[in-house]
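Laboratory data are not the source of any read-out in this text; all were calculated from the coordinates shown. Since we're looking at a predicted model, the values are computed, not measured. Please note: Cβ atoms are built from the backbone with ideal geometry, for glycine as well, and neighbour counts cover all protein chains shown.
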């Protein structure tokens, strides 16, 4: 049986899925992500072997990573999983798996999955947003990923938060070396840090969402700030890309009613008289990244 195999190399877990020719899932396996390069190679090889055995066939392999393969050096760059940086991941996996391997930024994989058969299906232009441990994005036009000359198309998380209030300047320090990046405000850790700064209470993003839904004043104020910042950040994307659909993904996208709230706040910041871009929660959830990796072939 001919298969499309996708691997999502995440910060805490690595998952593989095997899709049939019709896009239906044939097998899925998940393992903890090790924190060393050689162990990551072995984990991916193990996962591919296991899904092929379970699905009863051999397949093409696409891998989504928290970073990108530099078109100049062929090495991984911009990865928050630091042990991948400077490594020839695509070449090393091709040798290990004895077949060509396509490696792509995980946000691009997410966007592709949602554009092919998810919340953006049928739209010409889709901007996929990752709101998780970091903040990333992917652009799909006419069913194809837009990578850009530096392979950083869609990396809106490392632009500064637009139209900052005085209390938002200069902004939290970012691992990229700058301050006030959108990621420092809109990632899960950024949301939790903002809540801690204002309320003095330590809570996870999920707990903040639940407390806000239950009427807690401090959590509600934190969520209101978050929605406003997310709308401001996405407005700059709309002003440049003007997508048909924005699909929200990552753990923070599970906040109650987030897509609707952002849809309501977004028009005030976009340079248009009437906004037709829709904001939607993802359809495939945590599976979008790994499904998109499979669709790289």
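Quick notes
- Span per principal axis, largest first, for the Cα atoms of the range 215-297 (Å): 45, 35, 15
- Angle in degrees between helix 37-55 and the longest Cα principal axis of the chain, rounded to the nearest 10: 70
- Alpha-carbon gyration tensor eigenvalues x 5, square-rooted, for the range 1-140, Å: 21, 21, 13
- The antiparallel fraction among DSSP beta bridges confined to the chain stands at about 55%.
- Top of 203, 165, 261 by mean-square fluctuation, Gaussian network on the chain, Cα under 10 Å: 165
- Modelled FRET efficiency - R0 25 Å, residue 38 with residue 80, Cβ distances, 0.05 increments: 0.85
- Of all DSSP beta bridges confined to the range 39-169, the antiparallel ones make up roughly 70%.
- What the Cα convex hull of the range 119-281 gives, in volume per residue, is 112 Å³.
- Cα gyration tensor shape of the range 170-254, rounded if a/c is under 1.5, else prolate or oblate by comparing a/b with b/c: oblate
- C-alpha long axis of helix 188-199 to longest principal axis of the chain, angle in °: 20
- Whether the range 40-122 is rounded, prolate or oblate, judged on the alpha carbon gyration tensor where a/c under 1.5 counts as rounded: oblate
- Over the chain, volume per residue of the alpha carbon convex hull, in Å³: 129
- Highest average packing first - 47-55, 7-15, Cβ atoms within 10 Å: 7-15, 47-55
- Kirkwood hydrodynamic radius of the range 159-207, Cα pairs, Å: 11.2
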